[in-house]
Amino acid sequence: MARMKFICDAERCIECNACATACKNEHEVPWGVNRRRLVTVNDGVPGERSISVACMHCTDAPCMAVCPVDCFYRTEDQIVLHDKDLCIGCGYCFYACPFGAPQFPQAGAFGLRGKMDKCTYCAGGPEENFSVEEFRKYGRNRIAEGKLPACAEMCSTKALLAGDSGVIAKIYKTRVVTRGKGEEIWGWKMAYGGSDKVSDNLGVKA
Amino acid sequence: MKRLLAVSLFALAAAACHEIPQDAPKPYAGKEDTKAYAGDLFKGDKQKYEQALAQRAQFQNEYNRTGGAKQ
């Protein structure tokens, strides 16, 4: 069973915003809603780093836990999606999410909030695949077309990787081992097997 | 009496160590979603669908094109 995730390689991200633009364009996301955005640490200082942030489709998603109307669900590929017909736009998920992924379109006067909108991993939502309704509420369903999220596929430096966690973790490990920098970081041993051999099993503690 | 008090205090203090799980799984209340591989493209073949995505993910690995990756 696949477990779809994103990895953003901060060593490669050049803050070009192609991911955010691709997302906006692919799903015709309205003004004021940003399913994906760039975060830069130490902006303007030599050695600054940028990462592309959106819904991380958490394995133990806090948005799911706090939703009062239980509108979140997980697909077979572990993609976290929600039903907009059920969402009441309360904003609890926004407070619970550590990544600021849930977005709320301004739906009327006096700052009235609309239904929550977030990254769907380009997997649409609980409507018939490729239907007009699905596109209107959730955006395009690339996953059902056998494609990966537009943000990752459009990434110019391939800093943003999307796909099954096992597959992309191996791509990332190959990269880090080949460039010879990154294995010294905290958590590397736990996540990537602790050795400089790409062929080693991932996720096995050294 | 002192011993009884100490035991009760210990029991009271230990009770605070108990943690009730706060994220008990809740059932999804919305509409059921169509499977991603249910359409004309994969015709319900999950294996073919997963293979297609895994193959597609490899396009993100430029070492497949350029070579030179450490093994």
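Counting only alpha carbon atoms, the long axis of helix B:2-15 and the longest principal axis of chain B meet at about 20°. The lysines within cross-link reach of residue A:189, meaning a Cα-to-Cα straight distance under 24 Å and a gap of 8 or more places when in the same chain, are A:5, A:158, A:170, A:173, A:181, A:197, A:205, B:70.
Can you give the local net charge around residue A:49? Use residues other than it whose beta-carbon is closer than 14 angstrom to its beta-carbon, Lys and Arg +1, Asp and Glu -1.
On the way: positive: A:12, A:181; negative: A:9, A:11, A:15, A:43, A:48.
Overall, the nearby charge balance is -3.
All other residues whose Cβ lies under 13 angstrom from that of residue B:52 are scored, Lys and Arg at +1 and Asp and Glu at -1, for a net of +1. If a spin label sat at a point 7 angstrom from the Cα of residue B:62 along the line to its beta carbon, the backbone N atoms of region A:8-27 nearer than 17 Å would be those of A:8-19.
Which percent of the Cα-Cα distances in the protein assembly as shown go past 31 Å?
Values: 13586 of 38226 pairs.
Of the Cα pairs, 36 percent sit more than 31 Å apart.
Within straight-line reach of residue A:115, meaning a Cα separation under 19 Å, sit the following lysines at least 8 residues removed in sequence or on another chain: A:24, A:84, A:137, B:31.
Taking the Cβ of residue A:107 as the center, what net charge do the other residues with Cβ under 9 Å away carry, scoring Lys and Arg +1 and Asp and Glu -1?
Details: positive: A:113, A:115; negative: none.
Its environment carries a net charge of +2.
The fewest-to-most ranking of A:90, A:23, A:119 by surrounding Cβ atoms within 10 Å reads A:90, A:23, A:119. On C-alpha positions alone, give me the angle between the axis of helix A:165-179 and the longest principal axis of chain A, in degrees, nearest 10. On a 0 to 90 degree scale, this one is about 40. Computed from backbone phi with θ = phi - 60° and the Karplus coefficients 6.51, -1.76 and 1.60, the 3J(HN,Hα) list for region A:59-72 is 5, 10, 6, x, 4, 5, 6, 9, 4, x, 10, 6, 8, 8 Hz; x is used for glycine and proline. For chain B, the equivalent ellipsoid derived from the Cα gyration tensor has semi-axes of 57, 26, 8 Å, listed largest first. Under 5 Å from the amide H of residue B:34 lie the amide H atoms of A:127, A:129, each residue being 5 or more positions distant or on a separate chain, with H modelled from the backbone and absent for Pro and chain starts.
Among the trypsin sites (Lys or Arg not before Pro) in chain B, those located in a DSSP loop and surrounded by at most 11 other Cβ atoms within 10 Å of their own Cβ are B:43. To the nearest Å, what is the center-to-center distance of region A:121-160 and region A:12-53, using C-alpha atoms only? That distance is 18 Å.
In loop segments of region A:27-83 as defined by DSSP, the chymotrypsin sites (Phe, Trp or Tyr not before Pro) with at most 11 further C-beta atoms inside 10 Å of their C-beta are A:31.
In order along region A:28-41, the Karplus-derived 3J(HN,Hα) couplings, from 6.51 cos²θ - 1.76 cosθ + 1.60 at θ = phi - 60°, round to 6, 6, x, 4, x, 10, 10, 5, 9, 8, 9, 10, 10, 9 Hz, and Gly and Pro are given as x.
Relative to the dominant Cα principal axis of chain A, helix A:18-27 is inclined by about 30°. Three principal axis extents describe the C-alpha atoms of region A:4-154; from largest down they are 46, 39, 31 Å. Largest GNM mean-square fluctuation among B:19, B:32, B:50, using chain B with Cα springs under 10 Å: B:19. When you restrict to C-alpha pairs under 8 Å that are six or more residues apart and normalise by the size of chain A, the relative contact order lands at 23 percent.
Bear in mind these aren't lab numbers, they're just calculated from the coordinates by the rules spelled out. Only a predicted model underlies this, so the values are computations on that prediction, with no experimental measurement involved. Glycine also receives a Cβ, built like all others from the backbone with ideal geometry; neighbour counts cover every protein chain displayed.
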